[in-house]
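Taking it in order: structure first as structure tokens, then the write-up.
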């Protein structure tokens with residue numbers, strides 16, 4: 001059962017462990033079998049089943065004074081709580097397991113409990129605490145000669161360094177981890193570390209290199225017949241393709257990953273694939289499709305009790321509602337999401353939702369409320385070393401300043417936001433910063449500068465297949481362009497809207513009426 005679990009065959013692991021639980025009379029062994037069955041259920045996102053089995057095993061272990069099995073049960077309960085975004089409960093489980101580990105003098109298990117506590121801190125955006133706990137686990141694992149554990153701790157420290165933006169340190173940690181796993185022949189963990197190195201390259205903006213690493217990880221997972229690992233690699237390849245502007249290919253990777261995850265019953269991972277598909281749809285204006293994907297993800301997150309996943313889905317649904325102009329529904333979605341993120345202590349999720357909610361309030365005309373929320377979001381993003389998030393909140397503050405006719409502040413904030421987006425490799429958002437700078441130039445009568453900024457933004461949006469952003473930018477360009485060039489812009493806009501995935505009649509009519517020379521038709 002243990003071998004089956006490590007190789008990704010959850011069904012076989014559960015079946016073999018159930019056979020042990022049924023036939024064996026030794027309570028300690030039956031408790032261990034219950035843990036294996038719970039781990040298989042956790043991997044499939046069956047958290048309630050996992051909790052039931054772990055609590056039964058915990059009770060059995062305590063009855064026979066199997067302290068190490070008891071500690072393992074507590075750690076596994078912590079894993080389930082993390083999966084459900086119940087971070088305080090997870091922390092309690094890990095603290096109790098570490099107390100038990102210390103009482104029985106098991107340093108190797110103390111290290112495992114420290115990893116659990118570090119993971120909780122990492123999920124909550126407390127990177128200093130996460131790094132400190134992973135460092136302590138690393139020291140203990142070195143002391144006891146646990147090479148696989150050393151590699152695991154190094155890999156986790158690499159993950160913390162990556163989100164902090166210390167990419168050279170992150171790559172170094174991951175490479176040292178990879179070398180140890182290679183020496184110990186741990187192919188599965190090697191594949192996982194290759195994926196983590198790919199994440200580092202994605203953060204650097206080297207998406208071709210990231211894709212190469214994800215492909216190597218995928219090959220290893222296939223060689224191991226590891227379906228879960230294959231699905232993860234396919235999703236990562238989707239991210240790389242998306243960043244490279246290969247949107248049809250990205251959609252294909254996400255769909256294949258979703259199919260694999262659905263086949264093995266990994267609902268949590270499938271929900272992540274749905275978020276990727278929803279983002280692709282929303283970016284090109286296919287709001288019905290985006291809503292369908294996000295609602296499916298929401299349904300999954302609620303069914304498995306994943307609070308952060310539920311909040312993320314609600315935030316995304318709020319974003320789609322906002323783009324459709326349904327600000328009341330957007331406010332409702334985002335308000336619920338914000339409350340949920342705060343309840344589970346997920347600071348990154350709170351910051352993202354605050355940013356969406358602030359934009360809703362800005363579009364509703366409440367600039368004071370929007371400003372307060374954007375500023376709070378920026379504070380959170382700065383604490384999390386999230387360049388893209390800092391940029392989004394700063395750009396939002398720039399839009400508020402523009403609404404107030406404070407062009408100097410709007411320009412300063414748009415430029416700062418642009419710097420953050422370039423550091424994060426966020427091309428779409430760089431275009432949005434350019435568009436705000438173009439709008440300021442229009443308002444100040446600097447037509448040539450405005451045309452340059454808006455044209456640069458439009459080129460970015462076209463390359464990203466971001467039709468709603470492109471249409472908004474073409475409107476601004478049409479308003480400051482005359483003669484034949486204005487006519488050409490209008491024709492270009494009408495033609496681009498022919499296959500728009502939303503009801504674009506109003507947009508087409510606007511460009512037809514704006515055409516200075518003749519009625520614009522598809523034939524023209």
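Rule-based calculations on the coordinates, nothing more; no lab input. Since the structure is predicted, the reported quantities are computational estimates derived from the model, not experimental observations. Positions of Cβ are generated from backbone atoms using ideal geometry, with glycine treated the same way; all protein chains shown enter the neighbour counts.
Compared with the alpha-carbon gap, the fully stretched path from residue 166 to residue 102 is longer by 19.7 nm at 0.36 nm per residue.
Compute the long axis of helix 387-403 from its Cα atoms, compare it with the longest principal axis of the Cα atoms of the chain, and write down the angle in degrees, 0 to 90, nearest 10. Roughly 30 degrees between the two axes. Across the range 266-373, Cα pairs under 8 Å and at least six residues apart give a relative contact order of 19 percent. Measure nothing but the geometry: give the 0 to 90° angle between the long axis through the Cα atoms of 107-123 and the longest principal axis through the Cα atoms of the chain, rounded to 10°. It is inclined by approximately 20 degrees.
Taking label points 7 Å from Cα along the Cα-to-Cβ direction, residue 428 and residue 204 give a separation of 2.5 nm. When you restrict to C-alpha pairs under 8 Å that are six or more residues apart and normalise by the size of the chain, the relative contact order lands at 8 percent. Over the chain, dividing the summed -39,500 (n - 2.57) contributions of all DSSP H runs of at least 4 residues by the number of residues returns a 222 nm mean residue ellipticity of -28000 deg cm²/dmol. Given R0 = 51 Å, the distance between the Cβ atoms of residue 2 and residue 372 translates into a calculated FRET efficiency of 0.45.
With the simple spin-label model, which puts each label point 7 Å out from Cα in the Cβ direction, the residue 18 to residue 187 separation comes to 2.9 nm.
Helix 367-383 axis versus longest C-alpha principal axis of the chain: approximately 40°, rounded to the nearest ten.
Each label point was placed 7 Å from the Cα along the Cα-to-Cβ direction; for residue 223 and residue 25 their separation is 4.6 nm. Relative contact order, whole percent, for the range 107-214 stands at 18, derived from Cα pairs under 8 Å and 6 or more residues apart. Could you tell me whether the range 266-373 comes out rounded, prolate or oblate from its Cα gyration tensor? Rule is a ≥ b ≥ c as square roots of the eigenvalues, rounded for a/c under 1.5, then prolate if a/b exceeds b/c, otherwise oblate. Oblate is the answer for the range 266-373, as a/c is 1.5 or above yet b/c matches or exceeds a/b. Protection proxy ranking of 231-242, 15-26, 449-460, 322-333, by the mean of other Cβ atoms within 10 Å over each peptide's residues and highest first, is 231-242, 449-460, 322-333, 15-26.
Among rounded, prolate and oblate, which fits the range 12-100 when a ≥ b ≥ c are the square roots of the eigenvalues of its C-alpha gyration tensor, a/c under 1.5 means rounded, and a/b larger than b/c means prolate? The shape class here is oblate. Between residue 513 and residue 324, how high is the FRET efficiency from 1/(1 + (r/R0)^6) when r is the Cβ-Cβ distance and R₀ = 35 Å? Nearest 0.05. The formula returns an efficiency of 0.95 here. Applying 1/(1 + (r/R0)^6) with r as the Cβ-Cβ distance of residue 485 and residue 142 and R0 = 45 angstrom yields a FRET efficiency of 0.10.
By per-residue mean of other Cβ atoms within 10 Å, what is the highest-first order of 426-433, 194-201?
Ranking, from highest mean packing down: 194-201, 426-433.
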